[in-house]
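*Asks:* Below you'll find the structure I mean.
What follows is calculated from the coordinates using simple rules that are stated; it is not laboratory data. As the structure is a prediction and not an experimental result, all values here were calculated from the model. Cβ atoms come from the backbone with ideal geometry, glycine included; neighbour counts cover every protein chain shown.
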Amino acid sequence: MSGPSGVGKSSVVDGLAQRIPFFFSVSMTTRAPRPDEVEGVDYRFVDHDEFERAIAAGELVEWAKYGGHLYGTPAEQLERERAAGKDVLLDIEIVGSRIVRERFPDALMIFITPPDMQELARRLRSRGDTSEADVTARLAVANDQIAESREFFDHFVVNDGLDAVIDQVADILATVP
Ligand code: 5GP
């Protein structure tokens, strides 16, 4: 699953978790934790050196720079859970999504879009921890991402209400054999 920062992906993931079984891929990041985030649950928070070490050791399926920070999907948990027959849900940005599309051609790729850019700006600001410069940067990135997503995502879901978007994503997942 991908979509611009602030579109509500984390809430969609949380809502889905109440409805269907899956393993959430816990990414590694150099970003500092937000107040409500838990180490090992939301992310593995690491410093730059540790992230570089993981890249060099080939421990990441994909990684990308976003908003000045590094984010990547650890291979070990992904392979372990897939080998156990579990569905694995990744919440990642678009550069990494393209790599996942190439490495796992059968991955189901869902892109969540905002109803419009004003709403996205409002959501980013309402987080309270994102600076105005960051909001501007993320909106510019979002524009590009939405355009690029058309090239390789399977499904597009507009987030104009959390329950509705969770229903739609659950319906899409239910179509997978
Ligand atoms: P945030 O800092 O708001 O949690 O995340 C910023 C962006 O990084 C989001 O679009 C999120 O989906 C993306 N992201 C989180 N984890 C990963 C990852 O492992 N790989 C990639 N490529 N993007 C990620």
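*Asks:* Considering only region 35-48, how many residues are assigned to a loop (DSSP other than H, G, I, E, B) and surrounded by 13 or more Cβ atoms within 10 Å (Cβ to Cβ)?
*Replies:* Selection size over region 35-48: 3.
*Asks:* Restricting to region 28-44, what's the tally of residues that are among the β-branched types (Val, Ile, Thr) and closer than 16 Å to residue 66 by Cα?
*Replies:* Let us first name the residues in region 28-44 that are among the β-branched types (Val, Ile, Thr), namely 29-30, 38, 41.
Next, from what is left, pick out any that are closer than 16 Å to residue 66 by Cα: 29-30.
Residues flagged as among the β-branched types (Val, Ile, Thr) and closer than 16 Å to residue 66 by Cα within region 28-44 amount to 2.
*Asks:* Hey, another quick one. Look at region 70-89 and say how many of its residues are touching a residue at least 40 places away in the same chain (Cβ under 8 Å) and more than 7 Å from the ligand (Cβ to nearest atom).
*Replies:* Qualifying residue count for the region: 9.
*Asks:* Moving on to the next point. Please go through region 1-27 and pick out each residue that is near the ligand (Cβ under 8 Å from one of its atoms), part of a strand (DSSP E or B) and either in contact with a helix residue (DSSP H, G or I) (Cβ under 8 Å, 6 or more places away or on another chain) or among the β-branched types (Val, Ile, Thr) (or both).
*Replies:* The answer is 2, and nothing else.
*Asks:* List every residue pair whose Cβ atoms lie under 7 Å apart, where the two residues are 6 or more positions apart in sequence or sit on different chains, the first residue falls within region 131-159 and is in contact (Cβ under 8 Å) with a residue 12 or more places away in the chain and within 16 Å of residue 120 (Cβ to Cβ), and the second residue, located anywhere, is surrounded by fewer than 16 Cβ atoms within 10 Å (Cβ to Cβ) and among the hydrophobic types (A, V, I, L, M, F, W, C).
*Replies:* 139/117
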